[in-house]
Amino acid sequence: MTTNSVNKPFPYTELQRRLAGTRFGGTVHFLETTDSTNTVALELAEGGAPEGDLVIADRQKQGRGRLPGRNWQSPAGRNLYVSAILRPMTNPSKAATLTLTAGVAVAEALEAWCPGRVSIKWPNDVNIGGKKVSGILTEMRTRGDSVDFVVVGIGVNIFMKFDEFDEQFRHRATSLLEETTHTLDRVDVAAAVLRSLDRWYETYSREGFAPVRSRWLDRAGTVNERVTVDDRGSSKKGIVRGIDEEGALLLEDEAGSVVRILSGDVLVQ
């Protein structure tokens, strides 16, 4: 297998060229090292940066996961760490659906390397063969009753090897390197992910969440599966029945009632 961009500088000017004609084809803020691309993007957005600005880092010192205490391993030259600034015309109560929209976009992009093996796990994981290859962290700021901006942070494991993952996660995590025999290049992955995000965000903006929800359900790896949802020390067991129009997980509990789950970590039983 050829891995021709591992540990080489990220060619962000080439990425700009490949994103020409999309909302992400303008400004790319590239950082060799940063604490978190989301943190930088939040600061830029609060300062007035327009929709479509990107922050990409070669390495993150404090890559953040969705849940408290969860970090995203972010060694230099190995993976994709990117945050995009969006300014959607939507109600804050609907903004959580952007996480699911990004999940659909990433899953479709990664199909190029792992056809038929990519699935989505609510709310923000993209898996290959049931193992996590990508995570999404969205953070919103509001102004009055409207959304000011949303930062969509995407991490994709590209060149991580099995023994490089933290021991507690290595049996649940994977990378494109571990899952494909295709030639890999970080700029190829970045361009595919961001072009897909551009397409799906455009669909979301024009048609709402309904078409995204339909595609999400097609790719969901846990619908009709029995799961446990852990949320800050409490847990619920049941069967996943889908997601609603606001992106909440629909869980049929042990009494046969369908309840809405707004946050938590889904574990297949």
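One table, with the values for the structure above:
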{"item": "Among (1) among the small types (Gly, Ala, Ser); (2) farther than 26 Å from ALA84 by Cα; (3) surrounded by 15 or more Cβ atoms within 10 Å (Cβ to Cβ); (4) in contact with a Ser or Thr (Cβ under 7 Å, 6 or more places away or on another chain), the one test that SER235 misses", "result": "(3)"}
{"item": "Pairs where the first residue, in the stretch 100-122, is outside the structural domain of ALA191 (by TED's automatic domain parsing) and on the phi > 0 side of the Ramachandran plot and the second is buried (at least 24 other Cβ atoms within 10 Å of the Cβ) and not small (Gly, Ala, Ser), C-beta under 8 Å, 6+ apart", "result": "none"}
{"item": "Qualifying residue in the stretch 247-255 (condition: touching a helix residue (DSSP H, G or I) at 6+ places or on another chain (Cβ under 6 Å) and not assigned by TED's automatic domain parsing to the domain that holds PRO92)", "result": "yes"}
{"item": "Enumeration of residues in the stretch 16-36 that are outside any strand (DSSP E or B), at negative phi and either modelled with pLDDT of 95 or more or surrounded by fewer than 18 Cβ atoms within 10 Å (Cβ to Cβ) (or both)", "result": "GLN16, ARG17, ARG18, LEU19, ALA20, THR22, ARG23, PHE24, GLY26, THR27, ASP35"}
{"item": "Condition broken by GLY153, with the remaining ones in (1) modelled with pLDDT under 95; (2) closer than 26 Å to THR39 by Cβ satisfied", "result": "(1)"}
{"item": "Subset of the stretch 34-61 (residues that are touching a residue at least 60 places away in the same chain (Cβ under 8 Å) and of a type in the set (Gly, Ala, Ser))", "result": "SER36, ALA41, ALA45"}
{"item": "Failed item in (1) more than 23 Å from TRP113 (Cα to Cα); (2) in a helix (DSSP H, G or I); (3) hydroxyl-bearing (Ser, Thr, Tyr), with TYR201 passing the rest", "result": "(1)"}
{"item": "Residue in the stretch 131-144 that is in contact (Cβ under 8 Å) with a residue 24 or more places away in the chain and outside any strand (DSSP E or B) present", "result": "no"}
{"item": "Residue among PRO115, PRO123 that alone is assigned to a loop (DSSP other than H, G, I, E, B) and either charged (D, E, K, R) or more than 17 Å from the chain's Cα centre (by Cα) (or both)", "result": "PRO115"}
{"item": "In the stretch 160-186, the residues that are closer than 28 Å to ARG18 by Cα, touching a residue at least 24 places away in the same chain (Cβ under 8 Å) and surrounded by fewer than 18 Cβ atoms within 10 Å (Cβ to Cβ)", "result": "THR180, THR181, HIS182, THR183"}
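The values are calculated or read from the model by the stated rules, or taken from the named source; none is laboratory data. Bear in mind the structure is a predicted one, so any value in this text is a computation, not a measurement. No Cβ is skipped: glycine too gets one built from the backbone with ideal geometry, and neighbour counts run over all protein chains shown.
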